[in-house]
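**Student:** Structure provided below as structure tokens; questions to follow.
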Amino acid sequence: MMRTSASSLLRAGVRASSMRTSTVVVPRAAASTHAISNPTLANIEKRWEGMPPTEQAELWMALRDRMKENWAELTLQEKKAAYWIAFGAHGPRAQPPADENRKVALYTAIGVLVSLGLFTAMRAFAGPAPSTMNREYEEASNEFLKNQRAEPLTGLSSEGYSGKGQVQSPPKH
């Protein structure tokens, strides 16, 4: 009986297994091996937006299947169509309408004018100011808050506070 080292046995096993490997053939769809007809791809830039979504999807899937093959086998029309469908000026990359800026400015101006009109109408038909909206009441509120020690860290009751507190109304004449 002949003695061999473990490494030589390992090498022999690897060599034997590499010789036994078989290649797996993946079947491909027959449609992907044939070029897409030129009339289908002709003038795709102008026809794309008007095509039904199902037809767009079918054309894109056919082009995608063709691109899985060797790109040297693609026709020039297929390459141009695939590029335009992927990166062309349609959908979100389409150019905005020519009058878009004018419409934005117009609708913004209309919105501001309507808001101003509503504000003016509300102020015109509003009742008088509440009785608590006078300087005397606001100063009394400041004194009450100081006595209650409200907001002792940063507010009216804190040391060195120099703000107006609750006072916001102008003095009476």
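The values are calculated or read from the model by the stated rules, or taken from the named source; none is laboratory data. In this text, all values refer to a predicted model and were calculated from it rather than measured experimentally. Neighbour counts are summed over all protein chains in view; Cβ atoms, including those assigned to glycine, are modelled from backbone coordinates with ideal geometry. Quick note on the areas: whole protein, heavy atoms, side chains included, nothing else; ligands and nucleic acids left out. Shrake-Rupley method; radii C 1.70, N 1.55, O 1.52, S 1.80 Å.
**Student:** Part of a helix (DSSP H, G or I) and touching a residue at least 24 places away in the same chain (Cβ under 8 Å): does that describe residue 143?
**Tutor:** No, not satisfied.
**Student:** Inspect all residues belonging to region 129-139 and state whether any of them is among the aromatic types (Phe, Trp, Tyr) and loosely packed, with under 11 Cβ neighbours inside 10 Å.
**Tutor:** There is no residue in region 129-139 that is among the aromatic types (Phe, Trp, Tyr) and loosely packed, with under 11 Cβ neighbours inside 10 Å.
**Student:** Could you please let me know if residue 75 is loosely packed, with under 15 Cβ neighbours inside 10 Å, in contact (Cβ under 8 Å) with a residue 40 or more places away in the chain and of a type outside the set (D, E, K, R)?
**Tutor:** yes
**Student:** Same structure again: May I ask you to list pairs of residues, at least six apart or on different chains, whose Cβ atoms are under 9 Å apart, with the first in region 153-173 being touching a residue at least 24 places away in the same chain (Cβ under 8 Å) and the second being assigned to a loop (DSSP other than H, G, I, E, B)?
**Tutor:** As it stands, the answer is 165/155; 165/156; 166/156; 168/133; 169/129; 169/133; 169/134; 172/134, since those pairs meet every condition given.
**Student:** Does region 99-116 contain any residue that is free of Cβ contacts under 8 Å to residues at least 24 places away in the same chain, outside any helix (DSSP H, G or I), open to solvent by 80 Å² or more (accessible area, probe 1.4 Å) and not aliphatic (A, V, I, L, M)?
**Tutor:** no
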